[in-house]
Amino acid sequence: MTTPFPNPTRFLFFTGKGGVGKTSTASATGLELARGGKRVLIVSTDPASNLDTVLGTELGMTPTPIAGVEGLHGMNLDPDEAARNYRERVIGPYRGVLPESSVASIEEQLSGACTVEVAAFDEFAGLLAGSEMADPFDHIVFDTAPTGHTLRLLQLPAAWSTFIDENERGASCLGPLSGLKNQQERYQAALAALSDAERTTLVLVTRPEEGALEEAERTRVELAAQGVENQLLVVNGLFEPTSAGDELADRIARVGRAALEHMPEPLRALPRIDIPLKAHNVVGLEALGSFFEGEAGMGDADEAPAAAVGETYPGLGVLADEVAADGHGLVMFMGKGGVGKTTMATALAVELAGRGLPVHLTTTDPAAHVQNTLGADVEGIRVTRIDPKAETDAYRQKVIERSRGSLDAEGLALLEEDLESPCTEEVAVFHAFTRVVFSAKREIVIMDTAPTGHTLLLLDAAGSYHREMLRNAREGTNVGTPLMYLQDPAHTRVVLVTLAETTPVQEAAHLQDDLRRADIEPFAWLVNRSLAASETSDPVLRARARAEAEEMKNIQEHHASRLFVVPWSAEDPRGARILQALAGAA
């Protein structure tokens, strides 16, 4: 078959809330374009990419042919590798010219998360603006990170172009912004490509769920404001029961229909493609080849899922028991976008507040859905967010006020100019994160984190700060850094949230490896929205439940010292009543 996208442009951006199926949709689109005779490059801009798994090919920073499909190539825009390459481009000319100590100083300045962002953006802009790497391809399909990270990426061409235009002194030759000035034309070309409807299409991928549709509408508005107006809507995971009498199946279908009926009108007005819910994981070329078709081959509908999954594993209420017993500490919910971190964090907060305990519920996610999930204020819960814009504005003002007594007017003007760099946000957000981590010494803090890649950049900043503090500490001085508190199991419980599906489990396993390299040992894994822990007779749902039970067995045997499971709830997980029911489910 051919791709359902009419007159596909050269650049196709697939974006949306985590877990809606961006990688599957982007990969299936690229596959069909290639089978139609086009040369196609699929690029993941997600720091936590699973494109390798879906395409069945190990990918790197250069286009890699996908075996069995002529004309199809894949590539991971790996932020860490991009940063290494970027650092070498900046540092290379100074090796053998400057003293080793000066070169080491440059390397230190280029070691932070800001450099990672700049470098990844530099690679991304090159593909849009036209480069030798991009030239051979008729279509470049971007599989992007969850919405908050993607909005940041797509807004960077304008942000960096503006900063370079207004920074009359030029970027420091020794800092992360080194080299940006001579790339100004490239960034302006990238911005032009994004806003050209003849060259770029933004594909908003969503599910028939209220929250996902709201996220799609927010993205539509924000990127339209950036000039990206050629947009198309994909509704993935549409479900209709195949037989009557299954309460769970009926509720899932009913909730999905209601969400679509009430979607925002501007979103409804977009061209739309519907994709049915699959009974299987969309991994491998065979599954991708039937992605845009109806479901088939579900196996024996009478075959039961693994028995009593809901009775085998404890629910969120058991975690609440342990947190309540301590009376303070930090619980961080981490994982791939779309697995339900916000829901689980908010449900735990509601359960603890229902026991009469004061709780500080916060989020590092730029999308910031905590308050929306909670609904009305709940007694005993204080809700905050680490808002990048607000934190950056406050940080700039604090630095300027602190420097007024030591700088003249020209010095203050130069400082204000430097603080306009997009990199300032990294520092400001890290300061806010540090305050929250330390506050858990005296209160219960439940933290909903951003999707994996964004969170790892934040932890990378914590590691850099930790190393700097230890390097500068006087002998015999007690030093307490945020990383030390994250490494302390008496202070911090890290809960890895996943779905019982192949790619989210692999992503959680990779995240666990990254955390362990930072000497942070996850406290537990939590499988959310488990059909295997629910009761259903629908053949599609039962097929998914059987696959889930196998994944949970895999998690317990190979990854998690402890595993919590929360059953699927067809109700929209918002409001104290529904959230507390989720927490109380055993």
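The values are calculated or read from the model by the stated rules, or taken from the named source; none is laboratory data. Predicted, not measured: the structure shown is a model, and the values here were computed from it. For neighbour counting, all protein chains shown are included, and Cβ atoms are generated from backbone atoms with ideal geometry for every residue, glycine included. Only protein heavy atoms, including side chains, enter the accessible area calculation; ligands, DNA and RNA are left aside. Shrake-Rupley method; radii C 1.70, N 1.55, O 1.52, S 1.80 Å.
Odds and ends about this structure:
- Matching option when the condition is open to solvent by 10 Å² or more (accessible area, probe 1.4 Å), assigned to a strand (DSSP E or B) and farther than 30 Å from Ser243 by Cα, among Arg493, Arg577: Arg493
For every residue, the table says whether it meets (1) modelled with pLDDT of 80 or more; (2) out of contact with any Lys or Arg (no Cβ under 9 Å at 6 or more places or on another chain).
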site	(1), (2)
Ala345	yes, yes
His360	yes, no
Ala367	no, no
Leu374	yes, no
Lys389	yes, yes
Thr392	yes, yes
Gly405	yes, yes
Glu425	no, no
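- Scan of segment 281-293 for residues that are buried (at least 17 other Cβ atoms within 10 Å of the Cβ) and not in a helix (DSSP H, G or I), ordered by number: Asn281, Val282, Val283, Phe291, Phe292
- Residues located in segment 229-282, provided they are β-branched (Val, Ile, Thr) and under 27 Å from Phe11 (Cα atoms): Val234, Val235, Ile273, Ile275, Val282
- Scan segment 475-507 for residues that are aliphatic (A, V, I, L, M), in contact with a Phe, Trp or Tyr (Cβ under 9 Å, 6 or more places away or on another chain) and at pLDDT 90 or above and the total you get is 4.
- Subset of segment 66-85 [open to solvent by less than 10 Å² (accessible area, probe 1.4 Å) and of a type outside the set (A, V, I, L, M)]: Gly74
- Residue in segment 207-230 that is within 22 Å of His280 (Cα to Cα) and β-branched (Val, Ile, Thr) present: no
- Selected residue (criterion: most open to solvent (accessible area, probe 1.4 Å)) from residues of segment 180-194 that are over 23 Å from Thr23 (Cα atoms) and either part of a loop (DSSP other than H, G, I, E, B) or modelled with pLDDT of 80 or more (or both): Ala192
- Hey, Gly56 modelled with pLDDT of 70 or more, under 30 Å from Gly37 (Cα atoms) and either surrounded by 15 or more Cβ atoms within 10 Å (Cβ to Cβ) or among the basic types (Lys, Arg) (or both) or not: yes
- Qualifying positions in segment 316-340 - closer than 21 Å to Ala533 by Cα, open to solvent by less than 20 Å² (accessible area, probe 1.4 Å) and modelled with pLDDT under 90: Gly335, Val339, Gly340
- Candidates are the residues of segment 86-107 that are small (Gly, Ala, Ser) and open to solvent by 80 Å² or more (accessible area, probe 1.4 Å); the one that is modelled with the lowest pLDDT is Ser101.
- Close pairs from segment 500-524: first without any contact (Cβ under 8 Å) to a residue 24 or more places away in the chain, partner of a type in the set (Ser, Thr, Tyr) and in a helix (DSSP H, G or I), Cβ under 6 Å, at least 6 apart: none
- Restricting segment 496-528 to residues that are touching a Pro at 6+ places or on another chain (Cβ under 9 Å) and surrounded by fewer than 24 Cβ atoms within 10 Å (Cβ to Cβ), the residue that is nearest to Thr53 (Cα to Cα): Leu511
- Picking from residues in segment 368-382 that are of a type in the set (A, V, I, L, M) and open to solvent by 20 Å² or more (accessible area, probe 1.4 Å), the one that is nearest to the chain's Cα centre (by Cα) is Ala368.
- Pro63 falls short on exactly one of the conditions (1) at pLDDT 75 or above; (2) of a type outside the set (Phe, Trp, Tyr); (3) open to solvent by less than 30 Å² (accessible area, probe 1.4 Å), and that condition is (3).
- Selection over segment 215-259 of residues that are of a type outside the set (D, E, K, R), open to solvent by 20 Å² or more (accessible area, probe 1.4 Å) and in a helix (DSSP H, G or I) gives a count of 6.
- Within segment 336-358, the set of residues being more than 20 Å from the chain's Cα centre (by Cα) and within 16 Å of Gly575 (Cα to Cα) comprises Ala347, Leu348, Ala349, Val350, Glu351, Leu352, Ala353, Gly354.
- Selection within segment 4-22 - in contact (Cβ under 8 Å) with a residue 60 or more places away in the chain and open to solvent by 20 Å² or more (accessible area, probe 1.4 Å): Pro4, Pro6, Pro8, Arg10, Lys17, Gly19
- Summed over segment 563-574, residues that are touching a residue at least 60 places away in the same chain (Cβ under 8 Å) and not in a strand (DSSP E or B) total 6.
- Exactly one residue out of Glu550, Glu535, Glu557 is open to solvent by 40 Å² or more (accessible area, probe 1.4 Å) and in a loop (DSSP other than H, G, I, E, B): that is Glu535.
- Test for Leu579: is it farther than 30 Å from Ala258 by Cβ and touching a residue at least 12 places away in the same chain (Cβ under 8 Å): no
- Leading residue by the ranking (nearest to Asp514 (Cα to Cα)) among those in segment 342-367 that are open to solvent by 10 Å² or more (accessible area, probe 1.4 Å) and either free of Cβ contacts under 8 Å to residues at least 60 places away in the same chain or in a helix (DSSP H, G or I) (or both): Thr342
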